[in-house]
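> Mind looking over this structure? Questions follow.
The values are calculated or read from the model by the stated rules, or taken from the named source; none is laboratory data. Because the structure is predicted, anything quoted here is derived from the model rather than measured. All Cβ positions, glycine included, derive from the backbone under ideal geometry; neighbour counts span all protein chains shown.
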Amino acid sequence: WEMIRFSINIMRGCFGGCTFCSITEHEGRIIQSRSEESIIREIEDVRDKVQGFTGTISDLGGPTANMYRLGCRTPEIEAACRKPSCVYPGICQNLTTNHDPLIKIYRRGREIKGVKKILIGSGLRYDLAIQSPEYVKELVQHHVGGYLKIAPEHTESGPLTKMMKPGIGNYDKFKQLFDKFTAEAGKKQFLIPYFIAAHPGTSDEDMMHLAIWLKKNGFRADQVQTFYPSTMATATAMYHTGINTLKGVHRDERGEKVDVVRGEKRRRLHKAFLRYHDPANWPLLREALKTMGRADLIGNGKHHLIPTFQPMNTGGCGARKNEKFLTIPSMVSEKVPAKTGPKPGQTLTQHTGLPPRVTGNARPGSKKKPR
Ligand code: SF4
């Protein structure tokens, strides 16, 4: 309740079809959007009736932030279409990507008397957002409370094709727009990318390349999400059959085999790659990198993934100057044990208290779990 009491649901459904998620299955692929008037009325209702409202709406969204009023151009085609996603492997040419109705709601919402700030907390479909730079500008300059969570989920095509997620190139394009509009507004705000470890179709090498990407981009995941085979998700079928169900299910050689990450040791290794910076993971990573023939990544230079030395206190996690700490919510309960409170100069994280953000919650500094 704390998380949603100042948030407004503007739509239901999702045409993304990410295989690890079952929202498309239980809410439908055709987006049901509320009317503009109904949304505005609810914002006013929250302002007038919800106890503790301080002027900040914490979210205007739904399963995704930006599928409002988007859908297939032709109802007949939509009714007959059996594609599991309208945005994978690329955006369907029949899909409308006009973000103007959403921009209009954001603008109207901001003008409501007594509303100081409207944040967007729902996950952003950034491959759609980059189709409308005007929307990205509106979002970045008015509706980001210091950091924006987005979910590339991986950098490598092996797992991305099993997840039905867009390539990392879309993330790069979105980041360019995000940085540009943030600078234009004279603000300091950051992107928080989420990644999944151990998804079906993820090899040890894929996780290693993701770790190299994280290090190159200065990201340190504080919490990680590890794949869990949940009900109704397509990836769950891959997990249990070992077959890429997106390519047809066959017991013989026609079925495309998928690398399924099972067992504590491999799941721990994949998770360790996401937390390559944690000394507690270095012994496991050293052993794996040697087995993989990538001992060249072990060393004490900037281009190495992990060092040769092992600190006395391997549970510590020292931050280097200019390196960012990021918070990634856990899909399952595999949280890193809570550390002691922040020390002077330490970058704030989920465990120590997130960076300052206007949340609309009357309790400043409360440790609120991201959605
Ligand atoms: S034709 Fe394209 S936009 Fe229309 S429902 Fe199918 S995938 Fe979606």
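> Restricting the search to the range 34-61, which residues are hydroxyl-bearing (Ser, Thr, Tyr) and without any contact (Cβ under 8 Å) to a residue 40 or more places away in the chain? Break it down into steps so the answer makes sense when it comes.
We begin by selecting, within the range 34-61, every residue hydroxyl-bearing (Ser, Thr, Tyr); these are 35, 38, 54, 56, 58.
If the condition is that a residue be hydroxyl-bearing (Ser, Thr, Tyr) and without any contact (Cβ under 8 Å) to a residue 40 or more places away in the chain, then Ser35, Ser38 are the ones that fit.
> Now for a different question. Pick out the one residue from Asp206, Asp278 that is surrounded by 16 or more Cβ atoms within 10 Å (Cβ to Cβ), closer than 19 Å to Ile306 by Cα and touching a Gly at 6+ places or on another chain (Cβ under 6 Å).
Values: Asp278 fails: touching a Gly at 6+ places or on another chain (Cβ under 6 Å).
So the residue among Asp206, Asp278 that is surrounded by 16 or more Cβ atoms within 10 Å (Cβ to Cβ), closer than 19 Å to Ile306 by Cα and touching a Gly at 6+ places or on another chain (Cβ under 6 Å) is Asp206.
> Follow-up question, since we're still on this one. For the range 233-252, state whether one or more residues are part of a helix (DSSP H, G or I), over 28 Å from Met312 (Cβ atoms) and in contact with a Phe, Trp or Tyr (Cβ under 7 Å, 6 or more places away or on another chain). Give the derivation first.
Here is the first cut: in the range 233-252, the residues part of a helix (DSSP H, G or I) are 234-241, 245-247.
From what is left, the residues that are over 28 Å from Met312 (Cβ atoms) are 234-241, 245-247.
With in contact with a Phe, Trp or Tyr (Cβ under 7 Å, 6 or more places away or on another chain) added as a condition, the list becomes 235.
Yes, the range 233-252 has at least one match.
Residue by residue, here is whether (1) of a type in the set (Gly, Ala, Ser); (2) more than 16 Å from the ligand (Cβ to nearest atom); (3) assigned to a helix (DSSP H, G or I) holds:
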position	(1), (2), (3)
Tyr88	no, no, no
Cys92	no, no, no
Pro101	no, yes, yes
Gly109	yes, yes, yes
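> Here is a list of conditions, (1) buried (at least 16 other Cβ atoms within 10 Å of the Cβ); (2) at pLDDT below 95, and Ala79 meets all of them except one; can you say which number that is?
(1)
> In this structure, is Gly52 of a type outside the set (A, V, I, L, M, F, W, C), modelled with pLDDT of 95 or more, at positive phi and assigned to a loop (DSSP other than H, G, I, E, B)? Steps first, please.
Numbers: of a type outside the set (A, V, I, L, M, F, W, C): yes; modelled with pLDDT of 95 or more: no; at positive phi: yes; assigned to a loop (DSSP other than H, G, I, E, B): yes.
No; evaluated as a whole, the condition is false for this residue.
> Which residues, counting only those in the range 259-275, are over 20 Å from Ala237 (Cα atoms) and either in contact (Cβ under 8 Å) with a residue 24 or more places away in the chain or buried (at least 21 other Cβ atoms within 10 Å of the Cβ) (or both)?
Result: Leu269, His270, Lys271, Ala272, Phe273, Leu274, Arg275.
> Go through Gly71, Gly61 for me and flag whichever is within 16 Å of the ligand (Cβ to nearest atom) and either modelled with pLDDT of 95 or more or closer than 22 Å to Arg5 by Cβ (or both). Explain how you work it out, then say what you get.
Details: Gly61 fails: within 16 Å of the ligand (Cβ to nearest atom).
The conditions single out Gly71.
> For the range 125-152, what are the residues that are in contact with a strand residue (DSSP E or B) (Cβ under 8 Å, 6 or more places away or on another chain) and of a type in the set (A, V, I, L, M, F, W, C)? Even if it seems obvious, please write down each step before you answer.
If we filter the range 125-152 for residues that are in contact with a strand residue (DSSP E or B) (Cβ under 8 Å, 6 or more places away or on another chain), which is where we start, we get 126, 139-140, 142-143, 145-152.
Leu139, Val140, Leu148, Ile150, Ala151 - these are the residues of the range 125-152 that are in contact with a strand residue (DSSP E or B) (Cβ under 8 Å, 6 or more places away or on another chain) and of a type in the set (A, V, I, L, M, F, W, C).
> Can Lys104 be described as within 22 Å of Cys18 (Cα to Cα), basic (Lys, Arg) and surrounded by fewer than 16 Cβ atoms within 10 Å (Cβ to Cβ)? It would help to see each step written out before you state the result.
Details: within 22 Å of Cys18 (Cα to Cα): no; basic (Lys, Arg): yes; surrounded by fewer than 16 Cβ atoms within 10 Å (Cβ to Cβ): yes.
So Lys104 does not fit the description; no.
> Is it the case that some residue within the range 8-22 is over 28 Å from Pro229 (Cβ atoms) and either at pLDDT 95 or above or more than 16 Å from the ligand (Cβ to nearest atom) (or both)?
Looking through the range 8-22, at least one residue is over 28 Å from Pro229 (Cβ atoms) and either at pLDDT 95 or above or more than 16 Å from the ligand (Cβ to nearest atom) (or both).
> A further question follows. Against the conditions (1) hydrophobic (A, V, I, L, M, F, W, C); (2) farther than 12 Å from Ile30 by Cα; (3) in contact with a Gly (Cβ under 9 Å, 6 or more places away or on another chain), where does Cys92 fall short? Just the number, please.
(3)
> Here is a further query. Enumerate the pairs (first residue in the range 119-141 and at pLDDT below 95; second residue anywhere and of a type in the set (Asp, Glu)) with beta-carbon separation below 6 Å, excluding pairs fewer than 6 apart on the same chain, so at least 6 apart or on different chains.
Gly121/Asp59; Ser122/Asp59
> Which condition from (1) assigned to a helix (DSSP H, G or I); (2) without any contact (Cβ under 8 Å) to a residue 40 or more places away in the chain is the one that Glu205 breaks?
For Glu205, the failing item is (2).
> Right, next: Look at Ile31 and say whether it is crowded, with 18+ Cβ neighbours inside 10 Å, within 16 Å of the ligand (Cβ to nearest atom) and either of a type in the set (Phe, Trp, Tyr) or closer than 23 Å to Ala129 by Cβ (or both). Explain how you work it out, then say what you get.
Values: crowded, with 18+ Cβ neighbours inside 10 Å: yes; within 16 Å of the ligand (Cβ to nearest atom): yes; either of a type in the set (Phe, Trp, Tyr) or closer than 23 Å to Ala129 by Cβ (or both): yes.
The answer is yes for Ile31.
> Do we find that Glu138 is within 16 Å of the ligand (Cβ to nearest atom), surrounded by 16 or more Cβ atoms within 10 Å (Cβ to Cβ) and either among the basic types (Lys, Arg) or not in a loop (DSSP other than H, G, I, E, B) (or both) in this structure?
Details: within 16 Å of the ligand (Cβ to nearest atom): no; surrounded by 16 or more Cβ atoms within 10 Å (Cβ to Cβ): yes; either among the basic types (Lys, Arg) or not in a loop (DSSP other than H, G, I, E, B) (or both): yes.
For Glu138, the condition - within 16 Å of the ligand (Cβ to nearest atom), surrounded by 16 or more Cβ atoms within 10 Å (Cβ to Cβ) and either among the basic types (Lys, Arg) or not in a loop (DSSP other than H, G, I, E, B) (or both) - is not met.
> Continuing with this model, one more query. Which count do you get for residues in the range 240-264 that are charged (D, E, K, R) and under 25 Å from the mean Cα position of the chain (by Cα)?
Pass one, the range 240-264, residues charged (D, E, K, R): 247, 251-254, 256-257, 259, 262, 264.
Narrowing the set further to residues that are under 25 Å from the mean Cα position of the chain (by Cα) leaves 259, 262, 264.
Of the residues in that region, 3 qualify.
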